[in-house]
Amino acid sequence: MSHTAPELLTFEDALERFDPAMGLEVHVELNTNTKMFCGCPANFGGEPNTQTCPTCLGLPGSMPVVNGKAVESAIRIGLALNCSIAEWCRFARKNYFYPDMPKNFQTSQYDEPIAFDGWTDVEIIGDEGPETFRVEIERAHMEEDTGKSLHVGGATGRIHGADYSLVDYNRAGIPLIEIVTRPIMGAREKAPAVARAYVAHLRELLLGLGVSDVRMEQGSLRCDVNLSLAPAGDGSLGTRTETKNVNSLRSVERAARYEIGRQAAILAGGGSILQETRHWHEDTGVTTSGREKSDAEDYRYFPEPDLVPVAPAREWVESLRIALPEPPRERRARLQADWGFTDLEMRDTVGAGALPLVEETITAGAAPQAARKWWLSELARRANELGTELSALPITPADVARIQALIDEGAINDKLARQVFEGVLAGEGTPDEVVASRGLAVVSDEGALGEAVDRAIAANPDVAEKIRDGKVAAAGALIGAVMKEMRGQADAGRVRELILERLG
Amino acid sequence: MPDISRDEVRHLADLARIELDDAELDHLAPQLSVILESVASISAVAADEIPPTSHPLPVVNVFREDVVRPSLTAEQALSGAPAVEGQRFLVPRILGDEQ
Ligand SMILES: [Zn+2]
């Protein structure tokens, strides 16, 4: 198929003539131990087709049973998004013929979602500082993930032109929550930024709830961007496209921006938008036509006869509501005030994914600025070198707090601390063990230090003479010599004092 | 009374990836209409105050503990597959559709 880029209207021209409306559909894979309707493990990365059973393969006679933990997670997500929780709802069969579901239907929810009518406030950084956008949530419903297809042959390796497909059903049946917004209107030129901020916000919220790994690169959080344009100021909704496969925060923003430019060019040229699924191509930054969107009636939804309704008791819902964690924005504001971080320091900490780590380090006794400094400098650099997340480094917040305590006690200095970090990261043990095994403690033996200072003065008589003449800045050379002799294990401030005592 | 048109049957056949020629459409459309009419006769006895039933038993909230049970081995899972490659189910080329 042809991938030639169609004509685009520049973003600015597009917005002069049209108002974008967006709907965002986010699929979240829950981190339950087992699948939605069977006891197969729900973890990522197993050998192909080793996590299936008669139920998730849709074999005759098998019966699904709902994972109670998944229902609990769905309710907690709904509550965190200020939704109403259904008093009674059912699962439904969404029928379609495609081999990614061996049953020929996906068990989902249709007109009875477990959560509905919610909202969440999203923050974007505009030209005049932070701005809040309220995103209304239409629904959050429970369903199951599909299997994974590998298309073999054909020119592109994609489905079009493939000779055949290979299917792995490990993922089929993993609990999925689909969160659907109402049309987001009035964001104008900020629409792409709002889309990105919404997904980032959801990710933080879900992470706080502990219900999902929310790793976009692994597909445990996926976003479809629905977008339409209407004549500027018209207030109506145009024909929308649904862009799938948008699997990074940056892509969410780019895909929205691209569709605005593409649709605007078609509409400005007198054409009309085809209601269709489109595919986002990360590499080329364009969307291409998928299939025409099936109407809901094509899926012939009907209530799932093999599953009984879900009717969450109000006491259960209320107990889950009370136990919800503090919402991300409130939490950030509270921590920033407690720690005395500037806006920039806070933003960097959050952006680096270091917030929980810094928090735990402070809880373990470190001063806020020290905790921030180690995670965002030394450890961020190491994580970057290793191509891993900060949280995946083999060091705990308690270790970081202990290293800072050793500095505060004067047992080591900043320079030695870097070697302690190195040792802990290399698996050499706790900070104290690394200090002991590498012999890193600062020499606080005044006698040994004094002798080293005397030797340095004797070896550099001309420098000593300058200091005696009042050129205190020359002391640096002697401090360097002493530190070298002590192999860095001395307190440079104390060395300076000793030199000036002798020559001052 | 429901009457299913020839075009609707063609559309359903497309969704089901079944190829039907004109003669088959002519043959099947009236048959499906008869089936639909038979089912629809239920609505003649179901008055407005009777809610549609999707489950025969008045049971709700049947939940399972989130505890892993052994899965099939890949060999077992694939044992009924017509074709296998790379420990995966091999399925024919899928035309004009993508999820
Ligand atoms: Zn299973």
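Output the number of the condition that A:Asp121 fails; it satisfies all remaining conditions of (1) within 11 Å of another protein chain (Cβ to nearest Cβ); (2) touching a residue at least 12 places away in the same chain (Cβ under 8 Å); (3) away from the ligand (no atom under 16 Å from the Cβ); (4) surrounded by fewer than 18 Cβ atoms within 10 Å (Cβ to Cβ).
A:Asp121 satisfies all of (1) within 11 Å of another protein chain (Cβ to nearest Cβ); (2) touching a residue at least 12 places away in the same chain (Cβ under 8 Å); (3) away from the ligand (no atom under 16 Å from the Cβ); (4) surrounded by fewer than 18 Cβ atoms within 10 Å (Cβ to Cβ) except (1).
Every residue in the stretch B:16-51 that is at negative phi, within 14 Å of chain A (Cβ to nearest Cβ) and either in contact (Cβ under 8 Å) with a residue 60 or more places away in the chain or assigned to a loop (DSSP other than H, G, I, E, B) (or both), please.
Within the stretch B:16-51, the subset at negative phi is B:16, B:18-51.
Restricting the remaining residues to those that are within 14 Å of chain A (Cβ to nearest Cβ) gives B:16, B:18-19, B:32, B:36, B:39, B:51.
Across the stretch B:16-51, the qualifying residues are B:Ala16, B:Ile18, B:Glu19, B:Pro51.
Report yes if some residue within the stretch A:173-182 is touching a strand residue (DSSP E or B) at 6+ places or on another chain (Cβ under 9 Å) and either assigned to a helix (DSSP H, G or I) or facing chain B (nearest Cβ under 9 Å) (or both); otherwise report no. Please lay out each step first, then the result.
The initial filter retains those residues of the stretch A:173-182 that are touching a strand residue (DSSP E or B) at 6+ places or on another chain (Cβ under 9 Å), namely A:173-182.
After this cut, where a residue has to be either assigned to a helix (DSSP H, G or I) or facing chain B (nearest Cβ under 9 Å) (or both) as well, the list is none.
Checked the stretch A:173-182: no residue is touching a strand residue (DSSP E or B) at 6+ places or on another chain (Cβ under 9 Å) and either assigned to a helix (DSSP H, G or I) or facing chain B (nearest Cβ under 9 Å) (or both).
Just need a number here: residues in the stretch A:28-39 that are near the ligand (Cβ under 8 Å from one of its atoms) and among the charged types (D, E, K, R).
Counting residues in the stretch A:28-39 that are near the ligand (Cβ under 8 Å from one of its atoms) and among the charged types (D, E, K, R) gives 1.
Just to be sure before I move on: is A:Ile85 at pLDDT 95 or above, under 18 Å from A:Leu206 (Cα atoms) and either open to solvent by 10 Å² or more (accessible area, probe 1.4 Å) or within 14 Å of the ligand (Cβ to nearest atom) (or both) in the structure I sent?
On the way: at pLDDT 95 or above: yes; under 18 Å from A:Leu206 (Cα atoms): yes; either open to solvent by 10 Å² or more (accessible area, probe 1.4 Å) or within 14 Å of the ligand (Cβ to nearest atom) (or both): yes.
Criteria met by A:Ile85.
Mind telling me which of the residues B:Ala81, B:Ala77 ends up being closer than 26 Å to A:Phe97 by Cβ, open to solvent by less than 100 Å² (accessible area, probe 1.4 Å) and more than 7 Å from chain A (Cβ to nearest Cβ)? Step through it out loud before you land on a result.
Working: B:Ala77 fails: more than 7 Å from chain A (Cβ to nearest Cβ).
Being closer than 26 Å to A:Phe97 by Cβ, open to solvent by less than 100 Å² (accessible area, probe 1.4 Å) and more than 7 Å from chain A (Cβ to nearest Cβ) holds for just one of B:Ala81, B:Ala77, which is B:Ala81.
In the stretch A:28-46, what count of residues is obtained for those that are more than 7 Å from every other protein chain (Cβ to nearest Cβ) and modelled with pLDDT of 95 or more? If you could, list the steps in order and put the result at the bottom.
Initially, the stretch A:28-46 is screened for residues more than 7 Å from every other protein chain (Cβ to nearest Cβ), giving A:28-31, A:35-38, A:42-46.
The next check asks that each one be modelled with pLDDT of 95 or more; those that pass are A:28-31, A:35-38, A:42.
Residues flagged as more than 7 Å from every other protein chain (Cβ to nearest Cβ) and modelled with pLDDT of 95 or more within the stretch A:28-46 amount to 9.
Which of the residues that make up the stretch A:40-50 are more than 7 Å from the ligand (Cβ to nearest atom) and part of a loop (DSSP other than H, G, I, E, B)? Show your work before the answer.
Step one: list which residues in the stretch A:40-50 are more than 7 Å from the ligand (Cβ to nearest atom), which gives A:41-50.
If the condition is that a residue be more than 7 Å from the ligand (Cβ to nearest atom) and part of a loop (DSSP other than H, G, I, E, B), then A:Ala42, A:Asn43, A:Phe44, A:Gly45, A:Gly46, A:Glu47, A:Pro48, A:Asn49, A:Thr50 are the ones that fit.
Within the group A:Leu237, A:Leu221, A:Leu267, which residue is under 28 Å from A:Ala42 (Cα atoms) and aliphatic (A, V, I, L, M)? First the steps, then the outcome.
Values: A:Leu237 fails: under 28 Å from A:Ala42 (Cα atoms); A:Leu267 fails: under 28 Å from A:Ala42 (Cα atoms).
Of A:Leu237, A:Leu221, A:Leu267, the one residue that is under 28 Å from A:Ala42 (Cα atoms) and aliphatic (A, V, I, L, M) is A:Leu221.
For the stretch A:321-435, list the helices (runs of 4 or more DSSP H) that sit wholly inside it and hold at least 1 residues that are of a type outside the set (Asp, Glu), modelled with pLDDT under 90 and surrounded by 14 or more Cβ atoms within 10 Å (Cβ to Cβ); which are they?
Details: elements: A:328-339, A:343-351, A:355-363, A:368-376, A:378-386, A:397-408, A:414-425.
Fully inside the stretch A:321-435 and qualifying: A:328-339, A:343-351, A:355-363, A:378-386, A:414-425.
Tell me which residues, restricted to the stretch A:101-116, are within 25 Å of A:Lys148 (Cα to Cα), open to solvent by 10 Å² or more (accessible area, probe 1.4 Å) and either free of Cβ contacts under 8 Å to residues at least 40 places away in the same chain or of a type outside the set (Ser, Thr, Tyr) (or both). If you could, list the steps in order and put the result at the bottom.
Going through the stretch A:101-116, the residues within 25 Å of A:Lys148 (Cα to Cα) turn out to be A:101-110.
Filter once more, so that each one left must be open to solvent by 10 Å² or more (accessible area, probe 1.4 Å): A:102-106, A:110.
Across the stretch A:101-116, the qualifying residues are A:Pro102, A:Lys103, A:Asn104, A:Phe105, A:Gln106.
Is it the case, given these coordinates, that A:Pro130 is within 16 Å of the ligand (Cβ to nearest atom) and not aliphatic (A, V, I, L, M)?
On the way: within 16 Å of the ligand (Cβ to nearest atom): no; not aliphatic (A, V, I, L, M): yes.
Against the criterion (within 16 Å of the ligand (Cβ to nearest atom) and not aliphatic (A, V, I, L, M)), A:Pro130 does not qualify.
Looking at A:Ala456, A:Ala452, A:Ala370, A:Ala383, which is the one that is in contact (Cβ under 8 Å) with a residue 12 or more places away in the chain and within 44 Å of the chain's Cα centre (by Cα)? Give the derivation first.
Numbers: A:Ala456 fails: within 44 Å of the chain's Cα centre (by Cα); A:Ala452 fails: within 44 Å of the chain's Cα centre (by Cα); A:Ala383 fails: in contact (Cβ under 8 Å) with a residue 12 or more places away in the chain.
Answer to the check: A:Ala370.
Which members of the stretch B:12-50 meet the condition of being open to solvent by less than 90 Å² (accessible area, probe 1.4 Å), under 28 Å from A:Arg90 (Cα atoms) and not aliphatic (A, V, I, L, M)?
Scanning the stretch B:12-50 gives B:Glu37, B:Ser38, B:Ser41, B:Ser43.
Do the conditions hold for A:Asn95, that is, is it open to solvent by less than 30 Å² (accessible area, probe 1.4 Å) and modelled with pLDDT under 95?
On the way: open to solvent by less than 30 Å² (accessible area, probe 1.4 Å): yes; modelled with pLDDT under 95: yes.
Judged against the criteria, A:Asn95 is a match.
Being modelled with pLDDT under 90 and either touching a Leu at 6+ places or on another chain (Cβ under 6 Å) or open to solvent by 50 Å² or more (accessible area, probe 1.4 Å) (or both): is that true of B:Pro70 here? I'd like the intermediate steps shown before the answer.
Working: modelled with pLDDT under 90: no; either touching a Leu at 6+ places or on another chain (Cβ under 6 Å) or open to solvent by 50 Å² or more (accessible area, probe 1.4 Å) (or both): yes.
So B:Pro70 does not fit the description; no.
Let's see how each residue does on (1) within 11 Å of the ligand (Cβ to nearest atom); (2) crowded, with 17+ Cβ neighbours inside 10 Å:
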| site | (1), (2) |
| --- | --- |
| A:Leu57 | yes, yes |
| A:Met63 | no, no |
| A:Ile77 | no, yes |
| A:Phe91 | no, yes |
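Would you say B:Ser54 is within 7 Å of chain A (Cβ to nearest Cβ), open to solvent by less than 80 Å² (accessible area, probe 1.4 Å) and within 22 Å of A:Phe302 (Cβ to Cβ)?
In short, yes.
At the interface with another protein chain (Cβ under 10 Å from one of its Cβ atoms) and either in contact (Cβ under 8 Å) with a residue 40 or more places away in the chain or part of a loop (DSSP other than H, G, I, E, B) (or both): which single residue out of A:Ala70, A:Ala74 fits that description?
Details: A:Ala74 fails: at the interface with another protein chain (Cβ under 10 Å from one of its Cβ atoms).
The conditions single out A:Ala70.
Can you find a residue that is outside any strand (DSSP E or B), buried (at least 22 other Cβ atoms within 10 Å of the Cβ) and within 16 Å of the ligand (Cβ to nearest atom) anywhere in the stretch A:8-17?
Within the stretch A:8-17, none of the residues are outside any strand (DSSP E or B), buried (at least 22 other Cβ atoms within 10 Å of the Cβ) and within 16 Å of the ligand (Cβ to nearest atom).
Among the listed residues B:Asp22, B:Asp14, B:Asp7, which satisfies the condition of being farther than 21 Å from A:Tyr96 by Cα and acidic (Asp, Glu)?
Details: B:Asp14 fails: farther than 21 Å from A:Tyr96 by Cα; B:Asp7 fails: farther than 21 Å from A:Tyr96 by Cα.
Checking each option against the conditions leaves just B:Asp22.
So A:Glu259 passes all but one of these: (1) closer than 25 Å to A:Met22 by Cβ; (2) in contact with a helix residue (DSSP H, G or I) (Cβ under 6 Å, 6 or more places away or on another chain). Which condition number does it fail?
(2)
How many of the residues in the stretch A:232-246 are open to solvent by 50 Å² or more (accessible area, probe 1.4 Å) and touching a Cys at 6+ places or on another chain (Cβ under 8 Å)?
Counting residues in the stretch A:232-246 that are open to solvent by 50 Å² or more (accessible area, probe 1.4 Å) and touching a Cys at 6+ places or on another chain (Cβ under 8 Å) gives 0.
Against the definition (assigned to a loop (DSSP other than H, G, I, E, B) and more than 30 Å from the chain's Cα centre (by Cα)), how does A:Ala441 come out, yes or no? Please lay out each step first, then the result.
Values: assigned to a loop (DSSP other than H, G, I, E, B): yes; more than 30 Å from the chain's Cα centre (by Cα): yes.
Against the criterion (assigned to a loop (DSSP other than H, G, I, E, B) and more than 30 Å from the chain's Cα centre (by Cα)), A:Ala441 qualifies.
Could you count how many residues in the stretch A:480-501 are part of a helix (DSSP H, G or I), under 46 Å from the mean Cα position of the chain (by Cα) and without any contact (Cβ under 8 Å) to a residue 60 or more places away in the chain?
Residues of the stretch A:480-501 that are part of a helix (DSSP H, G or I), as a first pass: A:480-485, A:492-501.
With the extra rule that they be under 46 Å from the mean Cα position of the chain (by Cα), the set shrinks to A:480, A:483-484, A:492-494.
Remaining after also requiring without any contact (Cβ under 8 Å) to a residue 60 or more places away in the chain: A:480, A:483-484, A:493-494.
The number of residues fulfilling the criteria is 5.
The values are calculated or read from the model by the stated rules, or taken from the named source; none is laboratory data. These numbers come from a predicted model, not from an experiment. Counting neighbours? That spans all protein chains shown, and the Cβs are built from the backbone with ideal geometry, glycine included. When the accessible area is computed, the model is the full protein with side chains, heavy atoms only, and any ligands, DNA or RNA have been set aside. Shrake-Rupley method; radii C 1.70, N 1.55, O 1.52, S 1.80 Å.
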